[in-house]
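Just so you know, all these numbers are worked out from the coordinates, no wet-lab data involved. Keep in mind that what you see is a predicted model, and the values were worked out from it rather than measured. We place every Cβ from the backbone using ideal geometry, glycine too, and count neighbours over all the protein chains shown.
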């Protein structure tokens, strides 16, 4: 197998965040000079910062919370497909790829990440896609943009349809320079009790014979 590749956004002050959400902030609350022994960091942020998972509780009042998610879902074989430049993700596009029995599907749409700029639009996922993915066996979808729904959506139809078909959500992966193929994925959420999601350190490793 190949080496591990980091597909998560670096977390840093000034990075893009959801409008209205708390921005990411890291600072030293105490320095080694002040304590005599150690630096002590402090951070505050929205849970939905950078590369992150959505727990169902994010959009459903009685949905599973972050600490209730099955961690096995976020570790294992994944397929990355390249839909670069597409403005709409449709079943017709997905039908061009061998997705049967793919449990974890990662979708690449961008060739130029802009971590300091929140996008004004994202690719639109057609409303029949969740059912199509369910029939393929998909249980986790990962995308390289901040929401599986349109940015101004309040109803969040794709979030809800994915949940109805037991498909979990990973957003803001960084795969612009990675070729499509089969990989091993690790994208573990933090064990946040009562959480509605979690930032993740997402990494992938090419599987033997997993080329484009």
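Dividing the convex hull volume of the alpha carbon atoms of the range 1-68 by its residue count, what do you get in Å³ per residue?
187
For the chain, set up a Gaussian network in which alpha carbons nearer than 10 Å are linked by springs, and say which option among 98, 113, 199 fluctuates the most.
Maximum among the listed residues: 98.
Name the residue, out of 196, 128, 152, whose mean-square fluctuation peaks in a Gaussian network model built on the chain with Cα pairs under 10 Å.
152
Take the alpha-carbon centre of the range 125-139, take the same for the range 18-39, and report the distance between them in whole Å.
What the calculation gives is 41 Å, centre to centre.
Need one number: % antiparallel among DSSP beta bridges in the range 4-206, to the nearest 5.
Counting only bridges with both partners in the range 4-206, antiparallel ones make up about 65 percent.
Going by C-beta contacts inside 10 Å, put 109, 120, 31 in order with the fewest on the left.
By the 10 Å Cβ count, ascending: 120, 31, 109.
According to the Kirkwood expression over distinct Cα-Cα pairs, how big is the hydrodynamic radius of the range 4-206, in Å?
That comes to 17.6 Å for the range 4-206.
Which one, 33, 68, 127, has the greatest fluctuation when you compute a Gaussian network model over the chain with C-alpha springs under 10 angstrom?
Ranking 33, 68, 127 by mean-square fluctuation puts 33 first.
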